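Asker: Supplied in structure tokens, the structure appears directly below.
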Amino acid sequence: MTEPITEHVESIAEVRNSFADAIGRARYGNDSTVLTSRGKRVGAIVSMDFYERALEALGLTAVPAEPKQK
């Protein structure tokens, strides 16, 4: 059985002010941060390992986006 992931829930505005903390929790603590907007869960910051395992489990492949035009 795997260890549970600690889930932090923060508004986008809160994360904007402490983005490095959310990245650090995902990278070093294997915790996730759920982003909310107006009380709705809209996204998540997770570790790269978690993301890659999720893609694999779902049978999906990530394709790099085209660079933005200036």
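The values are calculated or read from the model by the stated rules, or taken from the named source; none is laboratory data. Because the structure is predicted, anything quoted here is derived from the model rather than measured. Counting neighbours? That spans all protein chains shown, and the Cβs are built from the backbone with ideal geometry, glycine included. Heads up: the accessible areas ignore ligands, DNA and RNA and are worked out on the full protein's heavy atoms, side chains in. Shrake-Rupley method; radii C 1.70, N 1.55, O 1.52, S 1.80 Å.
Asker: Mind checking which of 20, 57, 44 has the largest fluctuation in a GNM of the chain, springs on alpha carbons under 10 Å?
Answerer: Looking only at 20, 57, 44, the biggest GNM fluctuation is shown by 57.
Asker: Right, something else. In what sequence, largest accessible area first, do 68, 40 appear using a 1.4 Å probe? Could you put the intermediate results ahead of the total?
Answerer: On the way: 68 185, 40 140 Å².
Result, largest first: 68, 40.
Asker: State the label only: which of (i) 47; (ii) 34; (iii) 39 corresponds to percent of Cα pairs over 21 Å apart computed from the shown model?
Answerer: (iii)
Asker: What percent antiparallel are the DSSP beta bridges of the chain, to the nearest 5?
Answerer: That works out to approximately 50 percent antiparallel.
Asker: Please identify, among 25, 38, 16, the residue showing maximal mean-square fluctuation in a Gaussian network model of the chain using a 10 angstrom Cα cutoff.
Answerer: Looking only at 25, 38, 16, the biggest GNM fluctuation is shown by 38.
Asker: Need one number: nm distance between label points at residue 56 and residue 3, each 7 Å from Cα along Cα→Cβ, rounded to one decimal.
Answerer: For the pair residue 56/residue 3, the computed spacing is 1.9 nm.
Asker: Using a 1.4 Å probe and counting only protein heavy atoms, arrange 6, 36 so the residue with the most accessible area comes first.
Answerer: Details: 6 70, 36 20 Å².
Heavy-atom accessible area, descending, gives 6, 36.
Asker: Before I look further, what does the chain give for accessible area per residue, probe 1.4 Å, in whole square angstrom?
Answerer: On the way: 6090 Å² over 70 residues.
Counting only protein heavy atoms, the per-residue value for the chain is 87 Å².
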